[in-house]
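The next block holds one structure in the form of structure tokens; read it before the comments.
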Amino acid sequence: MLTSDCLGINEKGHLTIGGVDTVYLAEKYGTPLYVMSEDKIRNIAKSYLESIRKNYSGYGVPIYASKAFCCKEICRIIDSEGLDMDAVSKGEIYTAIKAGVNPKKLHFHGNNKTYDELFYAVENDVGDIIADSFEDINRVDEIGGKLNKKVNLTLRIKPGIDAHTHEFIRTGQIDSKFGFALENGEAEKAAEMAFKAENISFKGVHCHIGSQIFDVEPFVLASKVMLSFIKQVKDEYGIEIENLNLGGGFGIKYLDSDPFLEYEVYMESVSKAVHEECKRLSLKIPNIYIEPGRSIIGEAGITLYTVGSVKEIENVRNYISVDGGMGDNPRYALYQAEYTCVIANKMNENPEYTATIAGKYCESGDLIQENVKIVKPVAGDILSVLSTGAYNYSMASNYNRNPRPACVMIKDGTDRVIIKRETFEDLIKNDI
Ligand code: LLP
């Protein structure tokens, strides 16, 4: 029933995270509340780093995709583990810099970076800009010229692999707003532009095939496609691209029934393919970058809510309403994302009640999960949604003028606030 090894049940029958009683946390900080386990985040970060060491002799680095959860303390934790960071906006770059991250360790993505964002990135010596369009290449070149800097550039390529959770197909990816397509010669043209641009140092190629993927095969295929592009560029220009970034997308456990993924198995399979393919194509092994977001942070987090009402509509359904919802977790409303929901103060009782977990927002679609098996709660019980560490806080909103929840980090059995709960004053601070 528990989706992560940072979770447990204590002698009171309460859910724990990092060994700390969640009912205690709900009382101390109020709800809704995000809670994260620092050890869990650090352990996964370490294992990715170790994997790059092992499989590529340390030539490369894991890059944390900060869109999954970006705040100063998460940036500090990731940085202290030696990972680089992927940013997709000036705001994410700004947060990382304010947290003390060396901008050289930042990789700046985005399909429509504004001139202002690119200028900010180049001015602050962001280490790698991933060009997503011809306009990006031209703008980076122009800004490099203005600031008298040679800018490191990577090209985002669409490898033509469309990955899904349980299947993959190899066509259709040309229809994506991200990156340069291989099929129509765009990628080749982008490479030519990048080589010719005076103020650009063309360092790498990048691909990202999707998110919450459980199959290893699409990653293996993508690495082969990317290496054959590196070979094509080498044959044409006599230059071997140094960096290969294979993106993120490893799946995590939201439900008990989700497969348990050993990321190391993925890393080994991809590494085997990279080594074999480089040998076959007479290429040097490039520096390998991967960009996990969800798999570093997702299982490390949970959300705590207080149950407000239980509404039983005979022959229709039972609604359990909580004091949060789509404002702190829009993922069910957006993607019908699956989650495990538990009553944190009644963990030893049998989850025999079928109910839909609803939020407090003024929308019928404000649901956290439909028709789940759960212990029947009463008002005042603490309901926890598991594996909410990724794309929850980072996608939260103030809809209905609800303040965003606080986030508490657990480390060595102690709790500390890393993001304060928003106040009502925060809500109106920009109102004139
Ligand atoms: N690299 C690039 C270029 C990406 O676009 C993404 C995710 C990642 C890395 C990290 O992927 P991950 O390892 O986290 O799967 N909001 C959606 C997910 C959007 C992912 C966007 N890009 C959700 O809540 O499921």
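Taking the condition of a type in the set (S, T, N, Q) and more than 16 Å from the ligand (Cβ to nearest atom), does residue 111 pass?
No, not satisfied.
Just to confirm my filter: which strands (runs of 3 or more DSSP E) fall fully inside the range 3-90 and include at least 2 residues that are within 23 Å of residue 347 (Cβ to Cβ)?
Per the criteria, 7-9, 15-17, 33-37.
Let's see how each residue does on (1) over 20 Å from residue 14 (Cβ atoms); (2) in contact with a Lys or Arg (Cβ under 7 Å, 6 or more places away or on another chain); (3) away from the ligand (no atom under 16 Å from the Cβ):
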residue: 368; (1), (2), (3): yes, no, no
residue: 380; (1), (2), (3): no, no, yes
residue: 394; (1), (2), (3): yes, yes, no
residue: 414; (1), (2), (3): no, no, yes
residue: 423; (1), (2), (3): yes, no, yes
residue: 430; (1), (2), (3): yes, no, yes
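I want to confirm something. Restricting to the range 214-230 and keeping residues that are of a type outside the set (A, V, I, L, M, F, W, C) and open to solvent by less than 20 Å² (accessible area, probe 1.4 Å), which single residue is nearest to the chain's Cα centre (by Cα)?
The qualifying residue nearest to the chain's Cα centre (by Cα) is 218.
Only residues that are within 16 Å of the ligand (Cβ to nearest atom), without any contact (Cβ under 8 Å) to a residue 60 or more places away in the chain and of a type in the set (Gly, Ala, Ser): list them for the range 230-273, please.
247
Name every residue in the range 1-55 that is among the aromatic types (Phe, Trp, Tyr) and open to solvent by 20 Å² or more (accessible area, probe 1.4 Å), in order of residue number.
Result: 24, 29.
Please verify whether the range 181-197 includes one or more residues that are over 16 Å from residue 156 (Cα atoms) and either in contact (Cβ under 8 Å) with a residue 60 or more places away in the chain or open to solvent by 50 Å² or more (accessible area, probe 1.4 Å) (or both).
Taking every residue of the range 181-197 in turn, at least one turns out to be over 16 Å from residue 156 (Cα atoms) and either in contact (Cβ under 8 Å) with a residue 60 or more places away in the chain or open to solvent by 50 Å² or more (accessible area, probe 1.4 Å) (or both).
Within the range 313-320, is even one residue more than 30 Å from residue 19 (Cβ to Cβ), acidic (Asp, Glu) and assigned by TED's automatic domain parsing to the domain that holds residue 378?
yes
Let's see how each residue does on (1) farther than 30 Å from residue 292 by Cα; (2) surrounded by 15 or more Cβ atoms within 10 Å (Cβ to Cβ):
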position	(1), (2)
316	yes, no
354	yes, no
368	no, yes
375	yes, yes
378	yes, no
381	yes, yes
416	no, no
421	no, yes
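How many residues does the range 274-309 contain that are free of Cβ contacts under 8 Å to residues at least 60 places away in the same chain and assigned to a loop (DSSP other than H, G, I, E, B)?
So the answer is 3.
Would you be able to tell me the number of residues in the range 198-213 that are part of a loop (DSSP other than H, G, I, E, B), open to solvent by 20 Å² or more (accessible area, probe 1.4 Å) and either at pLDDT 95 or above or not small (Gly, Ala, Ser) (or both)?
Looking only at that region, the number is 4.
The values are calculated or read from the model by the stated rules, or taken from the named source; none is laboratory data. Since the structure is predicted, the reported quantities are computational estimates derived from the model, not experimental observations. Reconstructed Cβ throughout: ideal geometry from the backbone, glycine too, with neighbour counts over all protein chains shown. Keep in mind that these areas ignore ligands, DNA and RNA; they rest on the heavy atoms of the full protein, side chains included. Shrake-Rupley method; radii C 1.70, N 1.55, O 1.52, S 1.80 Å.
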